[in-house]
Amino acid sequence: MSDYVSVIGGINLDIKGVPAGPLISGTSNPGWVYSSAGGVGRNIAHNLALLDVPVRLFGVVGNDSSGTQIVNELTRTGVNTEALRVLDNQPTGIYLSILDETHDLAAAISAMDITEYVDNAYLTSYQSLIKQSCLVVVETNLKTDVLRYVLALCHESHIPCVVEPVSIEKAKKLVGYDPQFDIQTGLKEAVIWYWQNLK
């Protein structure tokens, strides 16, 4: 077992539009557009690295400018990106949101089909790296069968697993798991476990 944390989850580009005044539907609104790296898995890995926790990220990006931008930023932050899957035939995921004048969400489009390629075959190819982790963090944007695979692998390898539930609806994917699984939830628990057990 090594001292790094493995994070398995989504990676995408967040694009946010904010109007300069009251949001008017059905027409163009003057305002500002911001973009930043996002995705629940990426966000967790990024923040763990900022806390000086050694971390590997397992996820998928497209072979495009957005994917390159995100991977370069992760690498600069200290996240190990060697196991990321890069696809030529899929664009990097995008989450597009439009806020109103009070910065509340007015509408959003989630174009993150690429997350489906975080599949069991991909994770099996990196099984040895995952099994060397001191802790695994997984999030529920992944498919149910992938969550089951990760939880089973952690259980068999005696690796603590932290699950980020993301939302009430997506957390339902965890319903029915064998109660022998010790499932913790949240990034906070991951950080506390790491520092209590390895530092």
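Scanning region 105-128 for residues that are modelled with pLDDT under 95 and in a loop (DSSP other than H, G, I, E, B) yields a single hit, MET112. The single residue among LEU151, LEU147, LEU96 that is in contact with a Leu (Cβ under 8 Å, 6 or more places away or on another chain) and either open to solvent by less than 10 Å² (accessible area, probe 1.4 Å) or closer than 21 Å to LYS170 by Cα (or both) turns out to be LEU147.
Looking only at residues in region 156-184 that are part of a loop (DSSP other than H, G, I, E, B) and charged (D, E, K, R), which one is modelled with the highest pLDDT?
To start, the set of residues in region 156-184 that are part of a loop (DSSP other than H, G, I, E, B) comprises 158-160, 165-167, 175-182.
Cutting the leftovers down to charged (D, E, K, R) gives us 178, 182.
Numbers: ASP178: 59, ASP182: 50.
Applying the filter and picking the extreme gives ASP178.
Taking each residue of region 50-67 that is within 17 Å of THR115 (Cα to Cα) and polar (S, T, N, Q) and looking for partners that are assigned to a loop (DSSP other than H, G, I, E, B) and open to solvent by 50 Å² or more (accessible area, probe 1.4 Å) with beta-carbon atoms closer than 8 Å, six or more apart or interchain, yields ASN63/ASP88; SER66/PRO91.
Being among the aliphatic types (A, V, I, L, M), more than 12 Å from PHE58 (Cα to Cα) and within 16 Å of the chain's Cα centre (by Cα) narrows it down to one of LEU123, LEU153, LEU135, so name that one. Even if it seems obvious, please write down each step before you answer.
On the way: LEU123 fails: more than 12 Å from PHE58 (Cα to Cα); LEU153 fails: within 16 Å of the chain's Cα centre (by Cα).
Going through LEU123, LEU153, LEU135 in turn, the sole match is LEU135.
Looking across region 129-144, the residues that are outside any loop (DSSP other than H, G, I, E, B) and surrounded by 20 or more Cβ atoms within 10 Å (Cβ to Cβ) come down to ILE130, LEU135, VAL136, VAL137, VAL138, GLU139.
Restricting attention to region 74-92, and to residues there that are touching a helix residue (DSSP H, G or I) at 6+ places or on another chain (Cβ under 8 Å) and farther than 19 Å from SER6 by Cβ, which single residue is surrounded by the most Cβ atoms within 10 Å (Cβ to Cβ)? Step through it out loud before you land on a result.
We begin by selecting, within region 74-92, every residue touching a helix residue (DSSP H, G or I) at 6+ places or on another chain (Cβ under 8 Å); these are 74, 77-79, 81, 83-87, 90-92.
Those still in the list that are farther than 19 Å from SER6 by Cβ too: 87, 90-92.
Working: LEU87: 15, GLN90: 19, PRO91: 19, THR92: 26.
Once the filter is applied, the top-ranked residue is THR92.
When region 105-124 is filtered for residues that are in contact (Cβ under 8 Å) with a residue 24 or more places away in the chain, among the aliphatic types (A, V, I, L, M) and within 18 Å of VAL40 (Cα to Cα), the ones remaining, listed by number, are MET112, ILE114, VAL118, LEU123.
The values are calculated or read from the model by the stated rules, or taken from the named source; none is laboratory data. As the structure is a prediction and not an experimental result, all values here were calculated from the model. Glycine gets a Cβ as well: all are built from the backbone with ideal geometry, and neighbour counts include every protein chain shown. Side chains included, ligands, DNA and RNA excluded: accessible areas come from the protein's heavy atoms. Shrake-Rupley method; radii C 1.70, N 1.55, O 1.52, S 1.80 Å.
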